[in-house]
Amino acid sequence: MKKLLLTAGLSLAMPFAAYAGADFVEGDRTFAGEAELGATLTTGNTDTSSMKGRVNLKHELGNWENQYLLEGLYKEDEGSVTAKRYLGAIQGDYQFNESSYLFANTSYEVDPFTGYDFTSITSAGYGYKFIDDGVTLFKAEAGPGYIYQSLDSESEALKGYSSESSAVAHAVVHYERQLSESSTFKQVFIADWGDKLDGRSETSLTANIVGSLAMKVAVIVRYNSSPLDDKESTDTETNMTLLYSF
């Protein structure tokens with residue numbers, strides 16, 4: 001099943017990546033990205049370590065705008081792993097004009113502390129940019145989707161089944177504003193509502209240090225309206241990372 005979902009995700013993304021004959025305006029950037037990394041290590045009376053990494057890429061091909069995201073989080077406290085999460089996502093946007101576009105995306109997340117081996121979500125729909133003037137970006141997306149979650153062995157034994165899946169209504173609200181020449185505020189809400197509500201909120205502030213190097217502070221909240229037995233419905237994560245833009 002894992003191979004099937006990965007193959008489906010790659011198949012969905014291939015038309016976006018393979019689109020040819022793009023009509024570019026000279027001087028426009030057609031490829032850009034951000035890489036961020038944060039780490040903490042303490043030794044002595046308390047032994048803890050944590051690492052957060054993220055790579056976010058954007059590729060423009062004519063009317064297509066493709067985004068690729070890889071993200072990882074790992075935390076260890078006194079020799080015990082307390083957090084481990086890996087996420088990969090791809091989205092392709094087909095622009096009708098400066099405001100309207102169609103989107104299709106797929107994501108694959110591994111987080112054993114939720115009681116699931118992995119979660120895969122695929123969706124497609126319509127997006128609209130209400131404001132995009134170089135200082136402020138405000139856009140929203142909505143459309144149907146599908147979520148598939150594979151239970152780990154412990155949860156499977158308790159529940160008596162191996163997976164959960166349902167059709168969902170997928171929605172995204174994205175707000176971004178350049179506060180000054182060196183700082184940017186961003187707020188993103190993502191929701192998938194089917195048999196239950198899975199939501200994610202990310203609030204971040206980025207401040208430029210020098211050149212393409214910046215400091216980023218982010219607060220991420222994840223919500224599951226129907227968590228598995230003995231699991232919390234809300235997870236919060238606060239990160240401070242160095243971010244490099246290219």
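Count, please, the residues in the range 206-246 that happen to be at negative phi, outside any strand (DSSP E or B) and among the small types (Gly, Ala, Ser). It would help to see each step written out before you state the result.
If we filter the range 206-246 for residues that are at negative phi, which is where we start, we get 206-210, 212-229, 231-246.
Next, only the ones that are outside any strand (DSSP E or B) stay: 212, 225-229, 231-233, 246.
Within this subset, residues satisfying the condition of being among the small types (Gly, Ala, Ser) are 212, 225-226, 233.
The number of residues fulfilling the criteria is 4.
Evaluate the following for LEU41: is it within 22 Å of TYR116 (Cα to Cα), modelled with pLDDT under 95, in a strand (DSSP E or B) and in contact with a strand residue (DSSP E or B) (Cβ under 9 Å, 6 or more places away or on another chain)?
Working: within 22 Å of TYR116 (Cα to Cα): no; modelled with pLDDT under 95: yes; in a strand (DSSP E or B): yes; in contact with a strand residue (DSSP E or B) (Cβ under 9 Å, 6 or more places away or on another chain): yes.
Answer is no for this residue.
Looking at SER166, SER155, SER183, SER162, which is the one that is touching a helix residue (DSSP H, G or I) at 6+ places or on another chain (Cβ under 6 Å) and either farther than 19 Å from PHE130 by Cβ or surrounded by 14 or more Cβ atoms within 10 Å (Cβ to Cβ) (or both)?
SER162
How many of the residues making up the range 187-196 are part of a strand (DSSP E or B) and open to solvent by 60 Å² or more (accessible area, probe 1.4 Å)?
Pass one, the range 187-196, residues part of a strand (DSSP E or B): 187-193.
With the extra rule that they be open to solvent by 60 Å² or more (accessible area, probe 1.4 Å), the set shrinks to 189, 193.
Total satisfying the criteria: 2.
If you go through the range 214-245, how many residues are open to solvent by less than 40 Å² (accessible area, probe 1.4 Å) and among the hydrophobic types (A, V, I, L, M, F, W, C)?
Going through the range 214-245 one residue at a time, the tally reaches 5.
In the range 69-120, which residues are in contact with a Leu (Cβ under 7 Å, 6 or more places away or on another chain), more than 23 Å from GLU36 (Cβ to Cβ), of a type in the set (Gly, Ala, Ser) and not in a loop (DSSP other than H, G, I, E, B)?
Correct list: ALA104, SER120.
Can you name the condition, by its number, that LYS129 falls short on among (1) of a type in the set (D, E, K, R); (2) part of a strand (DSSP E or B); (3) modelled with pLDDT under 95?
Going through the list (1) of a type in the set (D, E, K, R); (2) part of a strand (DSSP E or B); (3) modelled with pLDDT under 95, LYS129 breaks only (3).
Restricting to the range 99-123, count the residues that are of a type in the set (Phe, Trp, Tyr) and either farther than 23 Å from SER155 by Cβ or open to solvent by 40 Å² or more (accessible area, probe 1.4 Å) (or both).
4
Find the residue count for the range 124-152, including only residues that are surrounded by 16 or more Cβ atoms within 10 Å (Cβ to Cβ) and in contact with a Ser or Thr (Cβ under 7 Å, 6 or more places away or on another chain).
Result for the range 124-152: 9.
Out of curiosity, is THR203 among the polar types (S, T, N, Q), in a strand (DSSP E or B), open to solvent by less than 70 Å² (accessible area, probe 1.4 Å) and without any contact (Cβ under 8 Å) to a residue 24 or more places away in the chain?
Considered against the rule, which asks whether it is among the polar types (S, T, N, Q), in a strand (DSSP E or B), open to solvent by less than 70 Å² (accessible area, probe 1.4 Å) and without any contact (Cβ under 8 Å) to a residue 24 or more places away in the chain, THR203 comes out as yes.
Going through the range 142-178 one residue at a time, which ones are without any contact (Cβ under 8 Å) to a residue 24 or more places away in the chain and in a strand (DSSP E or B)?
The answer is SER165, and nothing else.
The values are calculated or read from the model by the stated rules, or taken from the named source; none is laboratory data. Since this is a predicted model, take the numbers as computed values, not measurements. Positions of Cβ are backbone-derived with ideal geometry, glycine not excepted, and every protein chain shown enters the neighbour counts. For the accessible areas, the whole protein counts, side chains as well, though only heavy atoms, and no ligand, DNA or RNA atoms are used. Shrake-Rupley method; radii C 1.70, N 1.55, O 1.52, S 1.80 Å.
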